[in-house]
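Notes follow once the structure below has been shown.
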Amino acid sequence: MAPLPNQNIVAVPYPNLLPPHHRSMFNKEQEFHAWLLEEKMLNPETLSKSQLKKHFNSYMEDYNTATLPHEKYYALEAFERRMDAVRAGETLPPDDLGYDAKADLDAHKAKTARKVKTDDSETYLNREQLMELRRVQNERAQVGKMKLLGLDVKQNFGVRMDGNAFE
């Protein structure tokens, strides 16, 4: 956050993430007044500024923790539009929450799914070399068992010798 030139105001990159007291009380004035009238049964015109701020902090705490008793206290205009549509008998558009769990799950499955290789040309080793590696792996397992039993094991047992590497 850097100060703006010729001002004592600090620029904030994410203004919606600020605590409620940093945002103007007027942004949520309609919802706040509806909450005061209907839930607290207080007339906002008769309250002092300090009482309004105290009740606004209580409202914003409930707002930020999503514990307000009704959806209209979050977005009154959207709620009113929705209710007008219901009263007029219109069909409501589906609620677009911006998150589709099924699409997210499908994307995750696609990202983490194993890719099955059908073409042998994509491997670095041919079938004979792979069989040799399997034999060496089995020999190493035998070596471990033989050592546990106290048997003498040959030095080259369980070792894959690559002919051109030692020449």
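Summary table
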item	result
Neighbour net charge for ALA78 - beta-carbon separation under 10 angstrom, K R +1, D E -1	0
Residues of region 24-77: accessible area per residue with a 1.4 Å probe, Å²	66 Å²
Accessible surface of MET131 - all protein chains present, 1.4 Å probe, nearest 10 Å²	100 Å²
LYS54 - accessible surface, heavy atoms, 1.4 Å probe, Å² rounded to 10	130 Å²
Whichever lysines have a C-alpha closer than 24 Å to that of LYS53, once near sequence neighbours (fewer than 8 apart) are set aside	LYS28, LYS40, LYS72
Projected label distance in nm at LEU151 and LYS102, using a 7 Å step from Cα toward the beta-carbon	5.9 nm
Rounded to the nearest 10 Å², the accessible area of TYR99 at probe 1.4 Å	150 Å²
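The values are calculated or read from the model by the stated rules, or taken from the named source; none is laboratory data. Note that this is a predicted model, so its numbers are computed, not measured. Glycine gets a Cβ as well: all are built from the backbone with ideal geometry, and neighbour counts include every protein chain shown. Each accessible area value is taken on the protein alone, full model and side chains, heavy atoms only, with ligands, DNA and RNA left out. Shrake-Rupley method; radii C 1.70, N 1.55, O 1.52, S 1.80 Å.
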